[in-house]
Amino acid sequence: MTRPPTVAQRRVIDAADPVTGRLKGTEAQLAALVKRGLAFRHPRPPHDHFLTPAGHRIREAPEPTAAPEPPAAPADSGVFTARIGGEENAVGGPSRSREVHSAWQGLLELRRMTHRDGAVDRPCGWERTHLVQAAALALEAAGHRPAAGESPGYRVRATPQPEAVAVREPDAEALRACAATLEKAGWQVGEHTEPRTGARYVLASPRRA
């Protein structure tokens, strides 16, 4: 792509669902995004439009003319982000529970629409490119508590291994529960021990079939 999207196209891209990439706009706007390779039209009814990986990159990249972002985005910035553990000033409560539930249902729908067999029992392409967020969403949606400040809980982190995340939780029973949740959500899991500290952790990767 040689030209950046127009202001109107950028607004449509920025308004896409943060999890599924579902787009809303006029037929002309959506067709223009498809033509530029930033969106695709789903072949099955209701034939909704979704961001392609290139469209997601545009959405996640700051606009060239935008003012510098503050050091930390406020918790109520309007963009859903799964709790990976270790966040400061994380806001909970009923509103957060509703957001998490909605995001998880949206992810299940994305699985259904992007798998040829319509399966929702294994991760989709978006999850493979957002491993930490995907694993954290599965855990938070199942009711596991993320670590916050000095409070214990799960922490999901990237690893040097391709398509694998590490899940740490100081409580052994809670760690096993996290592993069970991820396995139920379509991840392959295995429990390991840190060689230097002896701490147990779970290594998880998206199951393909």
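The values are calculated or read from the model by the stated rules, or taken from the named source; none is laboratory data. This is a predicted model, so every value here is computed, not measured. Here the Cβ positions follow ideal geometry from the backbone for every residue, glycine too, while neighbour counts run over all protein chains shown. What goes into the accessible areas is simple: the full protein's heavy atoms, side chains included, and nothing from ligands, DNA or RNA. Shrake-Rupley method; radii C 1.70, N 1.55, O 1.52, S 1.80 Å.
What figure, in Å² to the nearest 10, do you get for the accessible area of His192 with a 1.4 Å probe and non-protein molecules left out?
Its heavy atoms expose roughly 70 Å² to the probe.
Please identify the chymotrypsin sites (Phe, Trp or Tyr not before Pro) of region 79-132 that satisfy two criteria: DSSP loop assignment and at most 16 other Cβ atoms within 10 Å. Which are they?
Sites meeting the loop and neighbour criteria: Phe80.
Using the Cα gyration tensor of region 92-178, with a ≥ b ≥ c the square roots of its eigenvalues, what is the shape: rounded (a/c below 1.5), prolate (a/b larger than b/c) or oblate (neither)?
Because a/c hits 1.5 or more and a/b fails to exceed b/c, region 92-178 counts as oblate.
For region 15-30, just list the computed ³J(HN,Hα) in residue order, Karplus coefficients 6.51, -1.76 and 1.60, θ = phi - 60°, integers in Hz, with x standing in for Gly and Pro.
8, 4, 4, x, 9, 8, x, 5, 10, 10, x, 6, 4, 5, 5, 5
Sorting check: for 178-186, 20-28, which peptide has the highest mean count of neighbouring beta carbons within 10 Å, and how do the rest follow?
So the order, starting with the most tightly packed, is 178-186, 20-28.
So what are the three principal axis dimensions of the chain from its Cα atoms, in whole Å, longest to shortest?
57, 43, 35
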